[in-house]
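Visitor: Let me begin by handing over the structure; questions about it come next.
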């Protein structure tokens, strides 16, 4: 039987789904398609994909009553909103939509529906006897304190429905406050744009600016509470958070993924990251800098495996701390590392500047892990949920940075949270490392851990139990040298082949053959006394050189030990030299043959000798020349006599002795 006046709660038959474009602007609906889709998503409307084109269509059963009534007045046939028109699967679809709408109602609405159902059942109970139906309805209404006309209206609503749908159909359909207060589109857009900004202005400030603009433009504006209710209904908390706080805050509204670690075992998967402590530390060079730690953690148990501390986060710390972990516990199968600027870029290209007076070879640490069969996974930058070690760093912030031994050196976790004694003290590096080591041990041994793996035990207990049963891969002695730092171009001393590195001297007897040559050495910068490994510059391993410690100037015991060591060195090489000689020097000289004189070769070609002619010299009369010279001397003597000279005079130039 068709109803002459369809009830607005009836779902649309045949075309019972409407698109966001068709719903936009209807009573009870936002004015734009985008806001309609937001409201539908936030309220969980029943929807389906459109038969043509993209997008969704929404069930009329999910719409507010005022919207369904508006759809009914848009020229639709009465039968299209009738509940009793048959179609394949139509009744089942309407029943599902009716109960979905009922389930979204608050408890007060559900209680009212149960009260109405109770009144109707009471009227049916009274009518089963000799009482007329009208009298039964009147008496049931009187007992419940409602009007009989209301009971008749409820009974009319469920007249054609199955018994199991009565409760859902009897739920009151309040539209949520009636007609919306008038608000011009320009006024709403003004408030929306002003409020939905990253600067997070207050609603009161936005409303005040809106009122100034409304007075100028003659806009109709409702109250601030009405605007905020509309904003929450149309935009929803997720969109408001995105616009005002940002994408990171929106991502936090999505529940974090929970990963089951019980399927792993100890040392199967590890993760690493860096952390800067909020403590002023005085370093050996006199600088006061907050220390940075690179640490590795077992994901299965949560136990801290290894760590290194430096002034900054760099690739050397990553390599050496990874080496410490592999040395002590073995090689993992997977490693999760941060791919952000704070870790991954330095893992790939980071260098320690001005620490050593030599060149550090730019090796790629990822290749070192790959060579050992460790699969590297890069995590999302600045995403703490992807790295369990971030939770450990949070604990260490309280246990280490705020340790009583560091009172006065704590800096606060942000510039606006500095303690009153800020900067009054700096902790020596040795003291900081000692406290850090103790707190990490306590962190691993602290019981009562609530994870599924620990189940009340400590991280170390859970790790030890699994470690003893798990297949662990150990590194060989040659593999352990891979993560040491490589200093290229080191010059061995020309006399004895010793190598000096960062104020230490390294030498062994076999290094004499390296004297004056350039080599590559691998070393641990935090344990220089453990010795160095020497390679050729082509990468060929040669030997391990221990550190020769300097002795006191007056230490006679050390001097005697040094003399004995030198004597052993000399004797060993004497024996090696003697063992290598199977012939004496005299025997060598005796084996040298006499040198034979080479025969004189015979000249078979005679070359002529040409003598140049001498120049003719004129004949000279020597007697004539002598006589002329005598006369010249005589004239000269006569002149001297006339001048008062003579042989007896002291000024005579020709006087003979």
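Visitor: For segment 108-175, which fully contained helices (runs of 4 or more DSSP H) count at least 2 residues that are touching a residue at least 60 places away in the same chain (Cβ under 8 Å)?
Guide: Correct list: 166-169.
For every residue, the table says whether it meets (1) modelled with pLDDT of 85 or more; (2) surrounded by fewer than 16 Cβ atoms within 10 Å (Cβ to Cβ).
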{"site": "371", "(1), (2)": "no, yes"}
{"site": "375", "(1), (2)": "yes, yes"}
{"site": "379", "(1), (2)": "no, no"}
{"site": "383", "(1), (2)": "no, yes"}
{"site": "390", "(1), (2)": "yes, no"}
{"site": "394", "(1), (2)": "yes, yes"}
{"site": "403", "(1), (2)": "yes, no"}
{"site": "414", "(1), (2)": "yes, yes"}
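Visitor: Separate question: In segment 46-67, is there at least one residue being on the phi > 0 side of the Ramachandran plot and modelled with pLDDT of 80 or more?
Guide: yes
Visitor: Going by the structure shown, is residue 407 surrounded by 15 or more Cβ atoms within 10 Å (Cβ to Cβ) and either under 19 Å from residue 296 (Cβ atoms) or over 26 Å from the mean Cα position of the chain (by Cα) (or both)?
Guide: Spelling it out, it is not the case that residue 407 is surrounded by 15 or more Cβ atoms within 10 Å (Cβ to Cβ) and either under 19 Å from residue 296 (Cβ atoms) or over 26 Å from the mean Cα position of the chain (by Cα) (or both).
Visitor: Working carefully through the options 436, 394, find the one that is within 18 Å of residue 294 (Cα to Cα), outside any loop (DSSP other than H, G, I, E, B) and either in contact (Cβ under 8 Å) with a residue 12 or more places away in the chain or touching a helix residue (DSSP H, G or I) at 6+ places or on another chain (Cβ under 6 Å) (or both).
Guide: One residue alone meets the criteria, 436.
Visitor: Before we move on, is residue 255 assigned to a loop (DSSP other than H, G, I, E, B) and over 22 Å from residue 387 (Cβ atoms)?
Guide: no
Visitor: Among the listed residues 187, 204, which satisfies the condition of being more than 44 Å from the chain's Cα centre (by Cα) and modelled with pLDDT of 90 or more?
Guide: Within the list 187, 204, the selection yields 187.
Visitor: While we're on this one: Among the residues in segment 542-549, are any over 16 Å from residue 481 (Cα atoms) and modelled with pLDDT under 85?
Guide: Yes, segment 542-549 contains a residue that is over 16 Å from residue 481 (Cα atoms) and modelled with pLDDT under 85.
Visitor: Please enumerate the residues belonging to segment 278-299 that are closer than 18 Å to residue 338 by Cα and either part of a loop (DSSP other than H, G, I, E, B) or not assigned by TED's automatic domain parsing to the domain that holds residue 329 (or both).
Guide: 299
Visitor: Tell me, yes or no, whether segment 116-133 has at least one residue that is touching a helix residue (DSSP H, G or I) at 6+ places or on another chain (Cβ under 7 Å), loosely packed, with under 14 Cβ neighbours inside 10 Å and modelled with pLDDT of 80 or more. Give the steps one after another, and end with the answer.
Guide: Residues of segment 116-133 that are touching a helix residue (DSSP H, G or I) at 6+ places or on another chain (Cβ under 7 Å), as a first pass: 116-117, 119-120, 122-123, 126-127, 133.
Restricting the remaining residues to those that are loosely packed, with under 14 Cβ neighbours inside 10 Å gives 133.
After this cut, where a residue has to be modelled with pLDDT of 80 or more as well, the list is 133.
Looking for residues that are touching a helix residue (DSSP H, G or I) at 6+ places or on another chain (Cβ under 7 Å), loosely packed, with under 14 Cβ neighbours inside 10 Å and modelled with pLDDT of 80 or more, one finds at least one in segment 116-133, hence yes.
Visitor: Residues of segment 300-336 being in a strand (DSSP E or B) and closer than 14 Å to residue 473 by Cα, which ones?
Guide: 331, 334
Visitor: Can you go through 104, 94 and tell me which one is buried (at least 19 other Cβ atoms within 10 Å of the Cβ), out of contact with any strand residue (DSSP E or B) (no Cβ under 7 Å at 6 or more places or on another chain) and at pLDDT 50 or above?
Guide: Among 104, 94, only 94 is buried (at least 19 other Cβ atoms within 10 Å of the Cβ), out of contact with any strand residue (DSSP E or B) (no Cβ under 7 Å at 6 or more places or on another chain) and at pLDDT 50 or above.
Visitor: Taking segment 232-262 on its own, how many of its residues are within 26 Å of the chain's Cα centre (by Cα) and free of Cβ contacts under 8 Å to residues at least 24 places away in the same chain?
Guide: 13
Visitor: Being surrounded by fewer than 17 Cβ atoms within 10 Å (Cβ to Cβ), in the same structural domain as residue 203 (by TED's automatic domain parsing) and in contact with a helix residue (DSSP H, G or I) (Cβ under 7 Å, 6 or more places away or on another chain) narrows it down to one of 242, 224, so name that one.
Guide: 224
Visitor: Collect the residues in segment 34-61 that are in contact with a strand residue (DSSP E or B) (Cβ under 8 Å, 6 or more places away or on another chain) and closer than 14 Å to residue 100 by Cα, keeping them in residue-number order.
Guide: Hits for segment 34-61 are 40, 45, 46, 47, 58, 59, 60.
Visitor: Additional query: Would you call residue 308 at pLDDT below 95, assigned by TED's automatic domain parsing to the domain that holds residue 407, within 21 Å of residue 431 (Cα to Cα) and surrounded by 18 or more Cβ atoms within 10 Å (Cβ to Cβ)?
Guide: When the stated conditions are applied, residue 308 passes them.
Visitor: Next question. Considering each residue of segment 491-506, count those that are touching a residue at least 24 places away in the same chain (Cβ under 8 Å) and surrounded by 20 or more Cβ atoms within 10 Å (Cβ to Cβ), and give that number.
Guide: Qualifying residue count, segment 491-506: 3.
Visitor: Using the structure shown, decide if residue 267 is touching a helix residue (DSSP H, G or I) at 6+ places or on another chain (Cβ under 9 Å) and on the phi > 0 side of the Ramachandran plot.
Guide: Criteria met by residue 267.
Visitor: How many residues are outside any loop (DSSP other than H, G, I, E, B) and touching a residue at least 12 places away in the same chain (Cβ under 8 Å) when one looks only at segment 38-60?
Guide: Number of matching residues: 13.
The values are calculated or read from the model by the stated rules, or taken from the named source; none is laboratory data. Keep in mind the model is a prediction, meaning the values are calculated, not measured. For neighbour counting, all protein chains shown are included, and Cβ atoms are generated from backbone atoms with ideal geometry for every residue, glycine included.
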